[in-house]
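Engineer: Below is the structure I would like to discuss, written out as structure tokens.
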Amino acid sequence: MAEFILETENLSKEFKGFTAVNNVNLQVRRGHIHALIGPNGAGKTTCFNLLTKFLVPTAGKILFNGRDITAAAPAQIARQGIIRSFQISAVFPHLTVMENVRIGLQRTQGTSFHFWKSGASLSRLNARAMALLAEVDLTEFADAVTIDLPYGRKRALEIATTLAMEPELMLLDEPTQGMGHEDVDRVTTLIKKVSVGRTVLMVEHNMNVIAGICDRISVLQRGAILAEGSYQEVSKNPQVMEAYMGTAAATLEGAH
């Protein structure tokens, strides 16, 4: 089994002469929580969109488990085990929490579109759905209508629906964005918990989150990798400090 689950070779994306991602060589080690960070406009989201094939690279290669997936369609990428949280976690607001997770489970069982079947025929998925809800501390909310959930709990539900797809590699795009301190702590603990036996690649702005759970960090600036390493290494890098400037740099230095 390859040491690196995901690799990019000179991955680039141009938009009408503007280079958003510039010769990015990324290596995500199997079993790690790997963060992609950088100032606003650094190319993080574009990079994620290339990895999940929402965008087609201008140049370069993407390898997953040593296989070239550069030309694969988004659905093929998902079937191979790369699941991006928002791809399947635009949760259904008027279904219950349990029903949302069960839809994710149906996708893996090939019954996604069996909505006309009776609820009883789907009850065999209930035990697995409840196990997933327990994994993300949502058991008590199983029968709640999703629209009524607090924001942090909705993000936990997104992670549960992502887990229902049995990902080998989870891509989390700013999982703690817009959260209060308590929700940030809860979701951070949750990411650490669900990462056991999986690989996580995440874009995240909160330096305390990154300092607490990430094994390796890649810093992007103007679409190119500026620095890589552990949090301790990256946070002391003068180029990274300069890229973040002012208060963000102070946060970077003092987060751990």
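Engineer: When only residues in the range 6-52 that are of a type in the set (Asp, Glu) and either open to solvent by less than 60 Å² (accessible area, probe 1.4 Å) or out of contact with any Leu (no Cβ under 9 Å at 6 or more places or on another chain) (or both) count, which is nearest to Gln76 (Cα to Cα)?
Structural biologist: Step one: filter the range 6-52 for residues of a type in the set (Asp, Glu), giving 7, 9, 14.
Checking the rest, the ones that are also either open to solvent by less than 60 Å² (accessible area, probe 1.4 Å) or out of contact with any Leu (no Cβ under 9 Å at 6 or more places or on another chain) (or both) come to 7, 14.
Working: Glu7: 17, Glu14: 24 Å.
The qualifying residue nearest to Gln76 (Cα to Cα) is Glu7.
Engineer: Hey, can you tell me all the residues within the range 1-36 that are closer than 17 Å to Thr199 by Cα and in a strand (DSSP E or B)? Steps first, answer last, please.
Structural biologist: Taking the range 1-36 first, the residues closer than 17 Å to Thr199 by Cα are 1-8, 26-36.
Answer for the range 1-36, where residues must be closer than 17 Å to Thr199 by Cα and in a strand (DSSP E or B): Phe4, Ile5, Leu6, Glu7, Thr8, Gln27, Val28, Arg29, Ile33, His34, Ala35, Leu36.
Engineer: Let me ask something else. When residues of the range 221-241 are filtered for being touching a His at 6+ places or on another chain (Cβ under 7 Å) and in a strand (DSSP E or B), how many remain?
Structural biologist: 0
Engineer: Can you work out which of the residues in the range 195-209 that are touching a helix residue (DSSP H, G or I) at 6+ places or on another chain (Cβ under 6 Å) and not in a loop (DSSP other than H, G, I, E, B) is surrounded by the fewest Cβ atoms within 10 Å (Cβ to Cβ)?
Structural biologist: Among those residues, the one meeting the criterion is Val203.
Engineer: Kindly provide the set of residues from the range 132-153 that are out of contact with any strand residue (DSSP E or B) (no Cβ under 9 Å at 6 or more places or on another chain), assigned to a helix (DSSP H, G or I) and farther than 27 Å from Leu6 by Cβ, ordered by number. Don't jump to the end; show me each part of the working.
Structural biologist: Filtering the range 132-153 down to residues out of contact with any strand residue (DSSP E or B) (no Cβ under 9 Å at 6 or more places or on another chain) leaves 132-140, 147-153.
Add one more test, that the residue is assigned to a helix (DSSP H, G or I), and what stays is 132-135, 139-140, 147-148, 151-153.
Residues satisfying the conditions are Leu133, Ala134, Thr139, Glu140, Ile147, Asp148, Tyr151, Gly152, Arg153.
Engineer: When the range 80-92 is examined, which residues are found to be open to solvent by 30 Å² or more (accessible area, probe 1.4 Å) and either assigned to a helix (DSSP H, G or I) or modelled with pLDDT of 90 or more (or both)?
Structural biologist: Gln80, Phe86, Gln87, Ile88
Engineer: With the requirement that a residue be of a type in the set (S, T, N, Q) and either in contact with a Pro (Cβ under 6 Å, 6 or more places away or on another chain) or in contact (Cβ under 8 Å) with a residue 60 or more places away in the chain (or both), what does the range 13-41 give you?
Structural biologist: Step one: list which residues in the range 13-41 are of a type in the set (S, T, N, Q), which gives 19, 22-23, 25, 27, 40.
If the condition is that a residue be of a type in the set (S, T, N, Q) and either in contact with a Pro (Cβ under 6 Å, 6 or more places away or on another chain) or in contact (Cβ under 8 Å) with a residue 60 or more places away in the chain (or both), then Thr19, Asn22, Asn23, Asn25 are the ones that fit.
Engineer: Out of contact with any Lys or Arg (no Cβ under 8 Å at 6 or more places or on another chain), in a helix (DSSP H, G or I), modelled with pLDDT of 90 or more and exposed (fewer than 14 other Cβ atoms within 10 Å of the Cβ), is that true of Ile159?
Structural biologist: no
Engineer: Now for a separate question. Among the candidates Asp183, Asp143, Asp173, single out the residue that is open to solvent by 70 Å² or more (accessible area, probe 1.4 Å) and among the acidic types (Asp, Glu).
Structural biologist: Asp143
Engineer: I've got another one for you. When residues of the range 53-67 are filtered for being open to solvent by less than 30 Å² (accessible area, probe 1.4 Å), modelled with pLDDT of 95 or more and out of contact with any Phe, Trp or Tyr (no Cβ under 9 Å at 6 or more places or on another chain), how many remain? Spell out the reasoning first.
Structural biologist: Our first condition is that a residue be open to solvent by less than 30 Å² (accessible area, probe 1.4 Å); within the range 53-67, this holds for 53, 57, 62-64.
Those still in the list that are modelled with pLDDT of 95 or more too: 57, 62-64.
Subsequent filtering for residues that are out of contact with any Phe, Trp or Tyr (no Cβ under 9 Å at 6 or more places or on another chain) retains 57, 62, 64.
Matching residues across the range 53-67 total 3.
Engineer: So which of Ile103, Ile77 ends up being crowded, with 18+ Cβ neighbours inside 10 Å, assigned to a helix (DSSP H, G or I), under 23 Å from the mean Cα position of the chain (by Cα) and at pLDDT 90 or above?
Structural biologist: Ile77
Engineer: If you don't mind, there's one more thing I want to ask. Would you check if Asp148 is surrounded by 15 or more Cβ atoms within 10 Å (Cβ to Cβ), at negative phi and of a type in the set (Asp, Glu)?
Structural biologist: Details: surrounded by 15 or more Cβ atoms within 10 Å (Cβ to Cβ): no; at negative phi: yes; of a type in the set (Asp, Glu): yes.
No; evaluated as a whole, the condition is false for this residue.
The values are calculated or read from the model by the stated rules, or taken from the named source; none is laboratory data. All figures in this text were calculated on a predicted structure; none of them were measured in a lab. So basically every Cβ, Gly included, is an ideal-geometry build from the backbone, and we count neighbours across all protein chains shown. Heavy atoms of the whole protein, side chains included, go into the accessibility calculation; ligands, DNA and RNA do not. Shrake-Rupley method; radii C 1.70, N 1.55, O 1.52, S 1.80 Å.
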